[in-house]
Structures are given as structure tokens and as C-alpha cells.
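Here the structure is laid out as C-alpha cells; the discussion comes afterwards.
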Amino acid sequence: MTQEIGGFAALGLHPSIVAALTAIGYEEPSPIQAQAIPVILSGRDMIGQAQTGTGKTAAFALPLLTKIDASKREPQALILAPTRELALQVATAFESYSKQMPGLNVVAVYGGAPMGPQLKAIRQGAQVIVATPGRLVDHLRRDEKMLSTIQFLVLDEADEMLKLGFMDDLEVIFEAMPASRQSVLFSATLPHSIRAIAEKHLREPQHIKIASKTQTVTAIEQAHLMVHADQKHAAVLRLLEVEEFDALIGFVRTKQATLDLAAALEAKGYKAAALNGDIAQNQRERVIDSLKDGRLDIVIATDVAARGLDVPRITHVMNVDMPYDPESYVHRIGRTGRAGRTGRALLLVTPRERRMLQVIERVTGQKVGEVKLPNAQQVLDARIKKLTASLAPLVADAEATHGDLLDRLTADIGCSPRALAAALLRKATNGQALSLAEVEREQPLVPGGPRERSERSERGPRPEREGGRERRAPMPLAEGRARCRTALGARDGIAAKNLLGAILNEGGLAREAIGRIQVRESFSLVELPEDGLDRLLAKLKDTRVGGKPLKLRRYRED
């Protein structure tokens with residue numbers, strides 16, 4: 001393993017950073033990483049001329065994390081990004097790279113979100129601030145000393161920042177930081193305005209320029225599907241209904257996700273297994289052998305666990321979770337379309353990940369066309385087609401071998417041959433929905449999808465606000481679920497994913513066991529299994545989210 005990531009280890013990064021890269025699946029540094037990391041570690045200012053998609057986020061994040069003192073509860077690194085989407089993407093990358101650095105905290109600061117939680121996180125000592133210039137200046141108006149401890153500054157996509165008119169905001173931010181800081185500037189182009197910033201605010205910067213290489217994967221048909229993050233499992237199950245594949249590998253980001261999704265697929269009758277870094281080598285070999293010889297059809301894997309996996313019968317790759325960078329995407333989908341064969345790659349994209357999709361398209365030089373979630377009619381047709389294919393070979397001599405038994409059974413039961421055939425079909429399909437109305441009820445929500453739109457229209461117009469507060473009735477409960485309430489809400493900086501992660505980690509539940517999560521301004525509602533609810537709440541009684549007690553209670557609806 002050390003040999004595989006030797007390139008990163010040789011750059012002088014902290015061992016915990018190298019360990020995090022191993023877990024993510026990074027193997028060798030990209031050109032911008034190989035050149036920029038030593039310069040930043042040396043303490044020199046730097047100008048990096050590189051396109052998005054060349055691995056530049058890791059090029060500055062990895063050395064900065066190595067230099068940051070996690071024991072000091074104060075802001076030390078500031079990364080400025082032109083847009084909210086890029087700020088969130090960079091903050092997520094920092095969190096991934098610092099997973100094995102206890103005490104290291106990252107805060108994303110951007111407009112359109114409550115200022116209170118952002119300011120609180122900074123004052124509590126988040127060592128890394130990833131911010132858009134406009135919102136950061138808003139905070140500085142309230143606390144001009146906020147950036148007084150910053151030692152490292154990164155301007156990411158500086159040319160885009162100037163195009164968006166942030167020059168005045170940048171000057172305010174520069175003045176609020178110590179002059180002794182180390183500054184790094186990344187820009188795809190270096191117009192006069194960028195050079196002027198460098199001359200004024202950087203000290204003898206070293207200039208690194210990397211040309212972006214287009215990576216082509218022409219033998220592979222690529223498509224993406226827009227989906228809500230909490231509807232991924234349902235979307236995967238629906239896609240598999242209509243995709244005609246021989247073998248498929250699905251990529252997710254975490255070890256737990258491999259187990260959860262593989263279990264969900266097995267429950268639906270698929271021959272599936274998980275592959276992650278915790279699986280012993282002999283078991284890994286059995287999984288791969290089973291995929292090769294047809295005992296398995298689907299493997300759900302993390303990037304690191306899929307290294308070296310070469311199975312010719314893989315016809316499909318499904319990116320259930322977005323990869324961290326375009327290079328990982330190309331590496332993933334290269335598992336299919338080998339030896340001159342064609343392959344198909346599907347990518348699930350949440351609304352916040354649209355930017356990374358654009359980066360992937362630019363780096364690969366190919367458009368990743370959008371597909372829609374199969375509708376109920378398509379799913380029904382696919383199910384009937386599979387049923388037909390399984391029954392057709394049995395019909396040829398069935399009447400000769402079982403005709404007399406059919407006559408006896410219809411006589412004993414007192415039914416027609418049609419009724420008996422229908423009953424046997426119901427048993428053979430294990431109660432699977434085979435009518436249009438039933439399949440429609442199974443359809444998951446996708447962004448802007450037909451069911452989402454219809455549910456919005458059924459709910460009617462947005463509720464009126466009374467006294468400045470929005471009053472909304474909770475959505476109807478699904479059968480077998482109970483609704484619980486926590487006093488944590490949007491004003492506490494809480495998102496649905498925070499609640500979901502805490503309950504999954506502490507409660508020991510599968511993702512499918514948790515229903516809808518509704519985050520309101522001052523509280524949140526969570527749907528949990530009615531069966532065993534009291535035991536679950538007892539397990540969660542000491543759980544904290546964002547440093548605050550969760551305190552889930554059964555919600556009484558009056």
C-alpha cells in the first residue's frame with residue numbers, strides 16, 4: 001500500500017494526510033500537486049496557473065493541512081472562492097483530507113445561509129475558513145478582528161472572482177489579515193488585473209503553470225441522472241430495473257455505504273456484495289471471482305477497494321456518489337468498455353454537484369447527457385419482459401408434463417385455469433408490483449420529477465406566514481413510522497444530512513429505516529420506525545449534532 005501512494009508520502013505531507021488519501025483512493029499526485037505541494041510546504045508565496053479539474057484543490061489543501069496546528073482553536077487558513085458551489089466543494093475536500101486529524105474543523109462561509117452559525121463556528125476556532133468574498137466582508141463588518149490569526153491565504157479561481165466584481169471586497173479582506181501571511185493564488189488565466197493583485201499582495205511568488213489534458217473515454221456511453229441525495233437508493237433500484245447489464249460495479253464514498261447499498265440490493269433479489277477496505281484479502285478475492293464467474297452480478301465498492309479490479313464481463317459502472325475529482329471519474333468508468341468492448345457509465349448527480357459534472361465534461365472532452373428516472377410504464381414493461389424471458393423456455397412441454405396436474409388442481413380448488421395461473425404468477429413474482437398503478441406508487445422523488453411536482457401541486461400554495469413565522473403542518477406519515485422532534489433547526493446551522501448521519505452512526509439503523517427529515521427554522525422533524533422506537537430514542541439520548549444535544553422526542557400531533 002505504501003508503494004502505491006509513495007508519490008504523496010514522498011512530498012513531505014503529514015502521515016495522517018497520507019492515510020486519508022489512502023482511504024479516499026488517491027494513488028499518485030497530479031502534475032499540479034507534485035509541483036505545488038513542495039512550494040507551499042516551503043512557505044513561499046505561489047501563483048498556480050491551472051484549470052479546474054487538474055487536482056488544484058488538493059494541491060493547496062494537502063500542504064495547508066500539514067502546516068495547520070489543529071491544537072490551536074483559531075482560524076489559520078482562509079480559502080476564497082468565487083461561488084457558493086465552489087466554496088462548498090472545497091470545504092468538503094478539506095473535510096475529507098482531514099478525517100484523521102482530530103480537532104481540525106472547517107467552516108464554509110457563503111451567502112444565502114444564516115450568518116449566525118457561520119460566525120459561531122469561526123469564533124469557536126474553526127482552523128479553516130472557506131468563503132465567498134461578499135459574505136466574508138459582511139462578517140468583517142461585525143468583527144473586524146476575525147481574520148487576525150490567518151497565516152495562510154488561498155485565492156481559488158481568482159480570475160472568476162474578478163469577473164464577478166469582487167475586487168473591492170478582496171482589498172477589504174487583504175487589509176484584515178496579517179501582512180506576514182503566506183499567500184497562494186490559483187487562476188486559469190493571468191490577465192493584467194490578476195498580475196496587479198500578485199504584485200501588490202504576494203511576496204516574490206513562484207509561478208507554476210500546468211496545461212489541462214483532455215481525457216477521452218470514447219468507448220463508454222456516459223449519462224447522468226439528477227437525484228436528491230436521500231433518494232439515491234430508490235433511484236439505483238429503479239435504474240437497475242430497466243438497465244440490461246451483465247455485471248455492474250457501483251461506486252460510493254464510504255465503507256458503510258457499500259454495506260448499506262449491497263444489503264438493499266440483496267433484499268430486492270439481486271446477487272450483490274460489498275467491497276471496501278475493511279474486507280480481508282481472501283474475501284475480496286472470493287467476491288471478484290464470484291463476479292467473474294456469474295455467482296455475483298453487482299459489486300458496490302469504494303475507490304480504494306476497487307484498485308486493480310479487472311472483470312471483462314462488467315458492462316456497467318454506476319457512480320452512486322460523485323467522485324472527488326475528474327481523474328477518479330475517468331478511473332472508475334474505465335472498469336467497463338475494456339478490450340474494445342462498449343460499456344455504459346451512469347452518474348447520479350445531486351443539485352449541489354452540478355458544478356463537478358461540468359468539470360468532468362470539460363476534462364473528459366465529452367458531454368455526459370442527462371437521462372430521466374424510468375417512469376412507471378418503463379419499469380412495468382421491463383418487469384414483464386424479464387418474467388416473459390424466464391417463463392418462455394418452460395412453456396414448450398409444460399402441458400404434456402403438468403397438464404393432468406392442472407386439471408386436478410382446478411377441480412380440487414374449484415377455479416378456472418386462468419385463476420390458477422394468476423395465483424401461481426403472484427407466487428412466482430413474490431408479490432412484485434406488476435400493474436401500472438402499483439408501480440407508480442413505488443416511484444421515488446427526483447428533483448423536478450413528476451411525482452415531486454404532483455405532490456407539490458397537491459399540497460397547494462406555500463403556507464402564509466403569521467407574525468413573521470411560517471406555519472406548516474407536518475407531512476402525512478408512512479405506515480409503520482413515528483415522527484420525532486428535536487429542538488435543533490436551521491438557525492443552529494443544522495441540515496438534514498447532519499441529522500441523518502448522527503442517527504445512522506449512533507442508532508445503528510440502515511438508511512432505509514429512516515424516513516423523511518424536515519428541517520425548520522427552530523426545530524426539525526424526523527420519521528423513524530415505530531417498532532422499537534423507545535429503545536432507539538434511549539440509544540440516541542446522549543447524541544450531539546454540531547456540538548449540541550439532539551434530544552429526540554416522540555412528536556405528538558394535536
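Key figures
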read-out	value
Which listed residue is over 27 Å from Met146 (Cβ atoms) and in contact with a strand residue (DSSP E or B) (Cβ under 9 Å, 6 or more places away or on another chain), from Gln49, Gln33	Gln49
Residue list for segment 88-119, filter: modelled with pLDDT under 90 and surrounded by 23 or more Cβ atoms within 10 Å (Cβ to Cβ)	Gln89
Hey, Leu185 in contact with a helix residue (DSSP H, G or I) (Cβ under 8 Å, 6 or more places away or on another chain), within 30 Å of Leu136 (Cα to Cα), assigned to a loop (DSSP other than H, G, I, E, B) and at pLDDT 90 or above or not	no
Residue check, Gly508 under 24 Å from the mean Cα position of the chain (by Cα) and modelled with pLDDT under 80	yes
Segment 312-354: number of residues that are part of a loop (DSSP other than H, G, I, E, B), closer than 19 Å to Ser96 by Cβ and of a type outside the set (Asp, Glu)	5
Pair list, Cβ < 7 Å and 6+ apart or interchain, from segment 357-368 residues that are more than 18 Å from Val227 (Cα to Cα) to residues that are buried (at least 20 other Cβ atoms within 10 Å of the Cβ) and among the small types (Gly, Ala, Ser)	Val359/Gly53; Arg362/Gly53; Val363/Gly53
Test: Asp297 is surrounded by fewer than 18 Cβ atoms within 10 Å (Cβ to Cβ), modelled with pLDDT of 90 or more and on the phi < 0 side of the Ramachandran plot	no
Tally, over segment 125-173, of residues that are closer than 15 Å to His201 by Cα, hydrophobic (A, V, I, L, M, F, W, C) and touching a strand residue (DSSP E or B) at 6+ places or on another chain (Cβ under 8 Å)	8
Positions within segment 257-276 being closer than 13 Å to Ala247 by Cβ and part of a loop (DSSP other than H, G, I, E, B), in sequence order	Tyr270, Lys271
Considering residues of segment 20-64 that are outside any helix (DSSP H, G or I), closer than 23 Å to Leu104 by Cβ and at pLDDT 90 or above only, the residue nearest to the chain's Cα centre (by Cα)	Met46
In segment 256-315, the residues that are polar (S, T, N, Q) and over 25 Å from the mean Cα position of the chain (by Cα)	Gln281, Asn282, Gln283, Ser290
Residue match in segment 363-375 (condition: out of contact with any helix residue (DSSP H, G or I) (no Cβ under 7 Å at 6 or more places or on another chain), within 28 Å of Leu237 (Cα to Cα) and hydrophobic (A, V, I, L, M, F, W, C))	yes
Val172 being surrounded by 19 or more Cβ atoms within 10 Å (Cβ to Cβ) and farther than 16 Å from Thr83 by Cβ	no
Criterion (closer than 23 Å to Ile514 by Cα, modelled with pLDDT of 90 or more and either touching a His at 6+ places or on another chain (Cβ under 7 Å) or polar (S, T, N, Q) (or both)) met by exactly one of Thr315, Thr254, Thr258	Thr258
Residues of segment 65-92 classified as farther than 18 Å from Lys497 by Cβ, outside any loop (DSSP other than H, G, I, E, B) and out of contact with any Ser or Thr (no Cβ under 8 Å at 6 or more places or on another chain), total	6
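The values are calculated or read from the model by the stated rules, or taken from the named source; none is laboratory data. Note that this is a predicted model, so its numbers are computed, not measured. Please note: Cβ atoms are built from the backbone with ideal geometry, for glycine as well, and neighbour counts cover all protein chains shown.
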